[in-house]
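Structure first, then comments.
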Amino acid sequence: MYPFWKFLPAGLAHQLGPLGISLYSSLNGGPTPNWKSFQWRGLTFPNRLGIAGGVDKNADLLLQWPRIGVGFSEVGTITPRPQRPNPGKIVDRDWEHKNLWNKMGFPNIGCKEIKLNLENALEYKSTPWFLNIGKNRTTPNDCVAQDCLEIISHLHHLGDAFVLNVSSPNTLGLRALQSREHLEKLTSQIVAHLKSKPLLIKLSPDLTTEELEQSLEGGVQGGASGFILTNTTLRRPANCPFPKEGGLSGADLKNQSMHILKESLQILGSRRKDLLMISAGGVMTPSDVEERLAIGSDLVQIYSAMVFEGPQFFHQVAEKMNADFLQKRST
Ligand SMILES: Cc1cc2nc3c(=O)[nH]c(=O)nc-3n(C[C@H](O)[C@H](O)[C@H](O)COP(=O)(O)O)c2cc1C
């Protein structure tokens, strides 16, 4: 499909995205493609490619995702109370370099409304749901646990796994929660309330090796069941058209995100055991998906590829995986 949304202003294209997905899924939808299906802690993933946090902030499209080929969905970031986006421009695109910029700051309708959307979709659920949780922007860092526990009290029964977002660059001071001390305490408080449901932690690509070691240690000691690597970056490539603040994703995040994945696997070593490792950041082609799996991630997520390549990306990946499988079998 030709990306005609390229000619719309970025903000308008963003607003029309859900409508486009709905239309595309009703015209081209089918059963979820089954490639490299995967089991983890009783969950079945028909395939290993999902949508990243922020794509479906309010659980509006849960029935459409499997129809376009998505193997698992993430909803959110969800906050306890509804909140509006940050003021001013919040999204922009660099088509030449396939980079995306955003300064959204967790706009969402709040956990009580999202609960209704999840409940409405529950009857038709066919793939795992991850619920990504975070604090409202007015909540001080030492009260983050209360915000997270409030969300869990409403949504516990609806998520297959939960994701703690401590890595968005668009909520002031949030990334400080990635320190070992903060993360261990926060993780253990949340894990205690989740009981048997897994908690994953989403980390920033801007961590130094030492900081990454500390974050992984804090998460593991606190009882996390896995990590999502990574969120958007504050770094900018040369001649970048975007402002200094806000997060960059897409093609220029690829190397940073792969580096963090490789370092994390090395740091965890044998402690990885059955921790779920999910790679996100700069996955722009079907070969990129294969590469992340080959490095050792269990699952892969995309956001920017949907913007630049369109919703058919998931079926393109499925075709490549199936073609590779058939070729291997015949040789
Ligand atoms: C417009 C936009 C909004 C995002 N919102 C969230 C969010 O609410 N929560 C979150 O954990 N990540 C959010 N992200 C980060 C993505 O989930 C992902 O980690 C990042 O974009 C890197 O993947 P990509 O290169 O495939 O886009 C957002 C990204 C974009 C571009």
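A helix-only calculation puts the chain at -12000 deg cm²/dmol for mean residue ellipticity at 222 nm, using -39500 (n - 2.57) for each DSSP H run of at least four residues, averaged over all residues. Other residues with beta-carbon under 10 Å from the beta-carbon of Pro237 carry, at +1 per Lys or Arg and -1 per Asp or Glu, a net charge of 0. Springs between Cα atoms under 10 Å define the GNM used for the chain, and in it the highest mean-square fluctuation of Ala176, Ala238, Ala52 occurs at Ala238. Close amide H contacts of Lys57 (hydrogens built in the peptide plane, cut-off under 5 Å, sequence separation of 5 or more or a different chain): Gly76. The alpha carbons of the range 176-226 occupy a box of 32, 17, 15 Å along the principal axes, longest dimension given first. Using the Cα gyration tensor of the range 75-190, with a ≥ b ≥ c the square roots of its eigenvalues, what is the shape: rounded (a/c below 1.5), prolate (a/b larger than b/c) or oblate (neither)? In terms of gyration-tensor shape, oblate. Every Cα-Cα pair in the chain was counted, and those over 28 Å apart are 35% of them. Along the range 313-321 the Karplus relation, 6.51 cos²θ - 1.76 cosθ + 1.60 evaluated at θ = phi - 60°, assigns HN-Hα couplings of 3, 5, 6, 5, 5, 4, 4, 5, 5 Hz to successive residues, with x for each Gly and Pro. Here the chain is scanned for GluC sites (Glu not before Pro) in DSSP loops (not H, G, I, E, B) that have at most 10 other Cβ atoms within 10 Å, and the longest stretch holding none of them is 124-331.
Where does the Debye-calculated log10 I(q)/I(0) of the range 247-331 sit at q = 0.20, 0.22, 0.23, 0.25 Å⁻¹, using only Cα point scatterers of equal weight, no solvent? For the range 247-331, the Cα-only Debye profile gives -0.94, -1.05, -1.10, -1.18. Considering only Gly53, Gly42, Gly218, the Gaussian network model of the chain with Cα springs below 10 Å gives its largest mean-square fluctuation to Gly42. Amide H contacts of Leu276 (H built 1.01 Å from N, in plane; Pro and chain starts excluded): Gly226, Phe227 sit under 5 Å, all sequence-distant by 5 or more or on other chains. Which residue, chosen from Leu23, Thr232, Ser188, occupies the Cα position most advanced towards the positive end of the dipole of the chain, where the dipole is computed from +1 (Lys, Arg) and -1 (Asp, Glu) charges on Cβ about the Cα centre? Towards the positive end, the residue furthest out is Leu23. Counting only chymotrypsin sites (Phe, Trp or Tyr not before Pro) that DSSP places in a loop and that have at most 16 other Cβ atoms within 10 Å, the longest clean stretch of the chain runs over 125-331. The accessible area of Cys143, taken with all protein chains in place and a 1.4 Å probe, comes to roughly 40 Å².
Think of each Lys and Arg Cβ as +1 and each Asp and Glu Cβ as -1; about the Cα centre, that makes the dipole of the chain roughly 200 debye.
The values are calculated or read from the model by the stated rules, or taken from the named source; none is laboratory data. Everything quoted here is computed from the prediction, not taken from an experiment. Glycine also receives a Cβ, built like all others from the backbone with ideal geometry; neighbour counts cover every protein chain displayed. Side chains included, ligands, DNA and RNA excluded: accessible areas come from the protein's heavy atoms. Shrake-Rupley method; radii C 1.70, N 1.55, O 1.52, S 1.80 Å.
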